[in-house]
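Visitor: Here it is, the structure, as structure tokens.
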Amino acid sequence: MTPFLLLLALPIILVIFYFQTQNPKHAKEELPPPGPPRLPFIGNLHHFDSRSPHTYLHRLSKKYGAVMSLKLGFRRLVVISSAEVVKEIMKSHDAVFSSRPALITFKKLPYKGFNTAFLPYNDAWRELRKISTIHLFSTKQVQSFRPIFKDEVSKMMEKIARDAASSAATDLSEAMMSFATNAISRATFGRRLGDEGYGKTRFFDLFHGEKPLLGGFFVEDYLPWLRWIDSLSGMAAKLDKNISSLHSFCDELIEEHMNPNRPESMEGDVIDILLRIKREGSFHLTLDHIKGLLVDIIIGGSDTTAASLVWALTALMKKPSSMKKVQAEVRQLAGKKEMIDEEDIEKLPYLRAVVKETMRLFPPGPLLLPRETTKKCSINGYEIEGGSMVFINAWAIARDPATWENANEFVPERFLAADHLDVRGQNPEVIPFGFGRRGCPGIGIAMSEIELALANVLCKFEWELPLGMKEEDIDFDYISGLVMHKKNALRLVPKLFFA
Ligand code: HEM
């Protein structure tokens, strides 16, 4: 270029440069999301609070915004904390945000190539999700579980009635866990696994205890060269032991089903159906597919439901006016009926609002399940790199005062007033089941169990505090893992209610 031409082009170049740097959208797009300052190698790990990640990340997001980035060892973490941004992901980037990171617990699970919940976004996941959508989560299939759920509710009520007869307190945390595990395990693999003994103790430590293993914090996930810390703390050995127990447990269940002398309760359960499909060869289905599905059900299907039931009762005990209102509603409908049925639930708007409000304030998975981006994309004007781990802070979003009036208060009426608002993944303001491709496929099962169990225990019993305990003593302390449970068991004294 001659000096004359250069002179001519210079103003044009300068004008283009000016507009490019002045356009805030463009300037922002070049940047990763903001976040707290990091140290070399460990990034933000030194102040990451693994005991309560959702509240810790919520505090940070107040400073750094609704899209924020952290570095946890070698992993890039992006945290989403507003309904607006979730809406943008739902609308324009659902596929990009649909993978899962390869965390150590996920990698060690048995049949890891066949767990819907933890597979990356690939063909194997698509195949498995299709199989489970048809054979486990379809409306027809869920309806077929109803008699089992009802029977399990009735068994739980008998147990509570025995406590009532002897004026003893019921440990509702224990009762709900047993109910939810028995209901789902009986429906899907013909066994009641929620009672002491057989299955319960074999995978209990995966979910519970001071440090839940599943969804727990492992140094290896972020600083692989320091994995010896997990060994020193005993976490690694404990995880291996539990995983191997879960593994052999799944094998035994399948063997039992294949035995011609199996218990009658296994006839027609989900495993039975899947084994038949496999024999008939009408679907490309392997034993590993079936076992992977089993692990999904054990992990996804009991804890979450039990936790929600305990939170609902806790919130109602703390708010006697709501307790009165919901009990009046269910009792009026029940009349002299022995039990409330699934078909009655439609006619109980306040009960349904209580369940939704519980899921808003106490989502069992406050950060959903971790996601991973499949490629680079732009969100809210920031550049997100492919392969970033993503936490969606459903807990913070559902308590955002910009969306919710008296956001931290338990007010079921808000769902009566806003009929269109649901918790099933369509409304970004309240997403306890996640959303989009990776959203929870078990919503139908979960809601069916929760509403039925809650309606009946509220109808049949008056609930009182144990002697010496006051309403203020009921706490909302929680323990975080894959599922957020109430930390201290909920113990209440039941009294039989006579209509
Ligand atoms: C109150 C009950 C439940 C809650 C709150 C819940 C919540 C969730 C959440 C937050 C996710 C992640 C969603 C996302 O990443 O967007 C999820 C995924 C999943 N849930 Fe649930 N869940 C519940 C009950 C169940 C039940 C009863 C089952 C099965 C019987 C189940 C099976 C699954 C599976 C298989 C996935 C993985 C989906 C995938 O990655 O493709 N869940 N659930």
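Visitor: Under 16 Å from a label point 7 Å along Cα→Cβ of Asn406: give me every residue in segment 316-356 with its amide N that close.
Guide: 316-326, 354
Visitor: OK, next. Which one of His47, Ile134, Asn406 has its Cα pushed farthest toward the positive end of the charge dipole of the chain, where Lys and Arg give +1 and Asp and Glu give -1 at the Cβ?
Guide: His47
Visitor: Roll a 1.4 Å probe over the protein heavy atoms and report the accessible area of Lys375 in Å², nearest 10.
Guide: 120
Visitor: As a test of reading the structure, rank Glu280, Glu88 by solvent-accessible area (1.4 Å probe, protein chains only), most first. List each step's numbers first, then the result.
Guide: On the way: Glu280 120, Glu88 55 Å².
Heavy-atom accessible area, descending, gives Glu280, Glu88.
Visitor: Indicate the gyration tensor shape class of the chain (rounded, prolate or oblate), computed on the Cα atoms with a ≥ b ≥ c the square roots of the eigenvalues: a/c under 1.5 is rounded; otherwise a/b larger than b/c is prolate and the rest oblate. Show your work: numbers first, answer last.
Guide: Details: a/c = 1.92, a/b = 1.51, b/c = 1.28.
Prolate, since a/c reaches 1.5 and a/b exceeds b/c.
Visitor: Something else about it: Can you give me the Cα centroid spacing of segment 280-295 and segment 370-449 in angstrom?
Guide: If you average the Cα positions of each part, the centres end up 31 Å apart.
Visitor: 222 nm [θ] for the chain, helices only, -39500 (n - 2.57) per DSSP H run of 4+, per residue, to 500?
Guide: Working: 20 runs with 246 residues, N = 499.
Calculated at 222 nm, the ellipticity per residue is -15500 deg cm²/dmol.
Visitor: Can you give the accessible area of Thr139 in Å² (nearest 10), computed on protein heavy atoms with a 1.4 Å probe?
Guide: 100
Visitor: If you don't mind, there's one more thing I want to ask. Using 0.36 nm per residue of separation minus the Cα-Cα distance, give me the extension gain between Glu158 and Glu267 in nm, one decimal. Walk me through the intermediate numbers first.
Guide: Working: separation 109, 0.36 × 109 = 39.24 nm, distance 2.59 nm.
That works out to 36.6 nm of additional length.
Visitor: Something else now. Roll a 1.4 angstrom probe over the protein heavy atoms and tell me the percent of accessible area of the chain that is carbon or sulfur.
Guide: Details: 13000 of 22790 Å².
C and S fraction of accessible area: 57 percent.
Visitor: Quick check: with the 1.4 Å probe, what order do Phe114, Phe362, Phe476 take by accessible area, largest first?
Guide: On the way: Phe114 55, Phe362 15, Phe476 80 Å².
Ranked list, largest accessible area first: Phe476, Phe114, Phe362.
Visitor: Grab the beta carbon distance between Lys376 and Phe498, set R0 = 51 Å, and tell me the FRET efficiency rounded to 0.05. Walk me through the numbers on the way to the answer.
Guide: Numbers: r = 65 Å, r/R0 = 1.26.
Using R0 = 51 Å, I get an efficiency of 0.20.
Visitor: Using only the heavy atoms of the protein chains and a 1.4 Å probe, how would Arg414, Arg438 rank by accessible area, largest first?
Guide: On the way: Arg414 40, Arg438 15 Å².
Accessible-area ranking of Arg414, Arg438, largest first: Arg414, Arg438.
Visitor: Kirkwood hydrodynamic radius, segment 284-331, all distinct C-alpha pairs: what's the number in Å? Please list the in-between numbers first.
Guide: Details: mean 1/r = 0.0744 Å⁻¹.
Answer for segment 284-331: a Kirkwood hydrodynamic radius of 13.4 Å.
Visitor: Related question: What is the distance, in nm, between label points placed 7 Å from the Cα along the Cα-to-Cβ direction at Ala95 and at Phe137?
Guide: According to this spin-label approximation, the distance is 1.9 nm.
Visitor: Can you flag which of Lys150/Lys460; Lys63/Lys91; Lys324/Lys495 are past 18 Å Cα-Cα?
Guide: Where the Cα-Cα span goes over 18 Å, the pairs concerned are Lys63/Lys91.
Visitor: Can you tell me the relative contact order of segment 31-496? Whole percent, Cα pairs under 8 Å, sequence separation 6 or more.
Guide: Values: 728 pairs, mean separation 115.3, N = 466.
Relative contact order, segment 31-496: 25 percent.
Visitor: Per residue, how much accessible surface does the chain expose to a 1.4 Å probe? Answer in Å², no decimals. Intermediate results must be reported in sequence, preceding the final value.
Guide: Working: 22790 Å² over 499 residues.
In whole numbers, the chain has 46 Å² accessible per residue.
Visitor: Only residues of segment 456-493 count here: report those whose backbone N is under 17 Å from the spot 7 Å along Cα→Cβ of Asp341, or say none.
Guide: Of the residues in segment 456-493, 456 have backbone N under 17 Å from the label point off Asp341.
Visitor: How much accessible surface does His284 have with a 1.4 Å probe, in Å² rounded to 10?
Guide: 130
Visitor: Ok, one more. So between Ala102 and Arg331, what do we pick up on full extension, going 0.36 nm a residue minus the alpha carbon distance? Don't jump to the answer; show the numbers that get you there.
Guide: On the way: separation 229, 0.36 × 229 = 82.44 nm, distance 4.83 nm.
Contour length minus Cα-Cα distance gives 77.6 nm.
Visitor: Let me ask you something else. Set the Förster radius R0 to 35 Å, insert the Cβ-Cβ distance between His47 and Glu256 as r into 1/(1 + (r/R0)^6), and round the FRET efficiency to 0.05. List each step's numbers first, then the result.
Guide: Details: r = 48 Å, r/R0 = 1.38.
Calculated value: 0.15.
Visitor: Given axes a ≥ b ≥ c from the Cα gyration tensor, I'd like to know whether segment 435-499 is rounded (a/c under 1.5), prolate (a/b larger than b/c) or oblate.
Guide: Judged from the Cα gyration tensor, segment 435-499 comes out oblate (a/c at least 1.5, b/c at or above a/b).
The values are calculated or read from the model by the stated rules, or taken from the named source; none is laboratory data. As the structure is a computational prediction, the values presented were derived from the model and not from experiment. Glycine gets a Cβ as well: all are built from the backbone with ideal geometry, and neighbour counts include every protein chain shown. Note: accessible area is taken over every heavy atom of the protein model, side chains too, but ligands, DNA and RNA are not part of it. Shrake-Rupley method; radii C 1.70, N 1.55, O 1.52, S 1.80 Å.
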